[in-house]
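Here the structure is laid out as structure tokens; the discussion comes afterwards.
The values are calculated or read from the model by the stated rules, or taken from the named source; none is laboratory data. Keep in mind it's a predicted model, so treat the numbers as computed, not measured. Cβ: placed from backbone, ideal geometry, glycine included. Neighbour counts: every protein chain shown.
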């Protein structure tokens, strides 16, 4: 009999297990992969604020390099700063293992190569089937990735909409467009609300594409367009990213769903590490409180906490739906007005000047206004 089972050893699972183990509760982490964090399925970027606000400090063992923010490049090549918030390109496998090791050091048990095949309510708690074994527990936290078996088995899923992502890793010298201190995001109709990216990562560079598209084909086309020789890749990474998840709730008595499993991913930029560590931490803290009170129903407060967080703000989902309708002409026009500037340079005077020269942009005024609000929201809680 365990106090808590955490299914999944990614950032959400690792963070969820930490407060439980630290509080002295008998906790097990069940991970279907043989090695925690591998194979990696991530572009590996996280903001400094995202770490600090969750009580984490950068460590040399998993930081590949520090970055100064991110730039957005539109189809005609003009660009503007999306964010000047500093952050890091990290080594995800090392980061994931470090998070889990912290929980293990406090007494959590890690079981790798362990696939959960069943979960049912039992005697006021939960009975979990894994590798042919039956495990009873008072609390379950599902942090098992975008396809979340736990969420589906618990009957919480209405629909799961995901997008594809594909990435190549290159040596630094093999990517001619590299900006050494910034993540580069290339937008356009071709990515249907997604983008292609070039993320510097110390001695290597991650180059990929994602969206409601054929991500593999888009990545190959992007590399060819910008003179990046695909044959010189050192690694290939593929995965899926939550786009729009409809769950009846993110929690039930004695259960919480965190990270990608709950669809807690920034829909504007696909960022999942910060939402993962945040939601995992909150799930773990609510689980500790539920165990201390011996009241599994108090886990339902996790659902309210997450839905009130900026990560699931309806504005972000509204905005990405509008962006998917934008054509290259509109994106290019925005890029031309902001070329080399920060989006915060937008002012009433600039807006008036642009409308006098390009009155056709007036029909998008509400979208532009809400885009500024969305970018402010992302800046406030960190990418």
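Every condition in (1) at pLDDT 95 or above; (2) touching a strand residue (DSSP E or B) at 6+ places or on another chain (Cβ under 6 Å) holds for residue 77 except the one numbered (2). It is to be established whether one or more residues within region 177-194 are closer than 29 Å to residue 309 by Cα, buried (at least 16 other Cβ atoms within 10 Å of the Cβ), touching a helix residue (DSSP H, G or I) at 6+ places or on another chain (Cβ under 9 Å) and free of Cβ contacts under 8 Å to residues at least 40 places away in the same chain. Yes, that holds for at least one residue. Note on region 265-281: residues that are in contact with a helix residue (DSSP H, G or I) (Cβ under 6 Å, 6 or more places away or on another chain) and at pLDDT 95 or above total 8. Just a yes or no: is a residue in region 276-299 on the phi > 0 side of the Ramachandran plot and loosely packed, with under 14 Cβ neighbours inside 10 Å? So far as region 276-299 goes, yes, one or more of its residues are on the phi > 0 side of the Ramachandran plot and loosely packed, with under 14 Cβ neighbours inside 10 Å. If you go through region 347-357 and pick out every residue that is surrounded by fewer than 12 Cβ atoms within 10 Å (Cβ to Cβ) and assigned to a helix (DSSP H, G or I), you end up with 5. On the stretch given as region 240-253, residues that are more than 20 Å from residue 308 (Cα to Cα) and crowded, with 22+ Cβ neighbours inside 10 Å total 1. Taking the conditions (1) out of contact with any strand residue (DSSP E or B) (no Cβ under 6 Å at 6 or more places or on another chain); (2) in a helix (DSSP H, G or I) in turn, residue 150 satisfies each one other than (1). Scanning region 204-219 for residues being surrounded by fewer than 19 Cβ atoms within 10 Å (Cβ to Cβ) and without any contact (Cβ under 8 Å) to a residue 60 or more places away in the chain gives a total of 3. Screening the candidates 144, 96, 101 for the property of being without any contact (Cβ under 8 Å) to a residue 60 or more places away in the chain, within 16 Å of residue 12 (Cα to Cα) and not in a strand (DSSP E or B) yields one hit, 101. Taking region 215-246 as the range and being under 24 Å from the mean Cα position of the chain (by Cα) and assigned to a helix (DSSP H, G or I) as the test, the residues that pass are 215, 216, 217, 218, 219, 220, 222, 223.
Would you confirm whether or not region 338-346 contains a residue that is assigned to a helix (DSSP H, G or I) and modelled with pLDDT of 95 or more?
yes
The residue pairs whose first member lies in region 362-383 and is on the phi > 0 side of the Ramachandran plot, whose second member is modelled with pLDDT of 90 or more and surrounded by 12 or more Cβ atoms within 10 Å (Cβ to Cβ), and whose beta carbons are closer than 8 Å, counting only pairs six or more residues apart or on different chains, are 382/47; 382/48; 382/49; 382/50; 382/53; 382/85; 382/87; 382/274. Taking the condition surrounded by 15 or more Cβ atoms within 10 Å (Cβ to Cβ), under 19 Å from residue 15 (Cα atoms) and not assigned by TED's automatic domain parsing to the domain that holds residue 152, does residue 63 pass? Spelling it out, residue 63 is indeed surrounded by 15 or more Cβ atoms within 10 Å (Cβ to Cβ), under 19 Å from residue 15 (Cα atoms) and not assigned by TED's automatic domain parsing to the domain that holds residue 152.
When residues in region 25-42 are screened for being over 24 Å from residue 210 (Cβ atoms), in contact with a helix residue (DSSP H, G or I) (Cβ under 7 Å, 6 or more places away or on another chain) and either in a strand (DSSP E or B) or free of Cβ contacts under 8 Å to residues at least 24 places away in the same chain (or both), 2 of them pass.
Determine whether region 104-117 contains at least one residue that is touching a residue at least 12 places away in the same chain (Cβ under 8 Å) and closer than 15 Å to residue 57 by Cα. Scanning region 104-117, I find no residue that is touching a residue at least 12 places away in the same chain (Cβ under 8 Å) and closer than 15 Å to residue 57 by Cα, so the answer is no.
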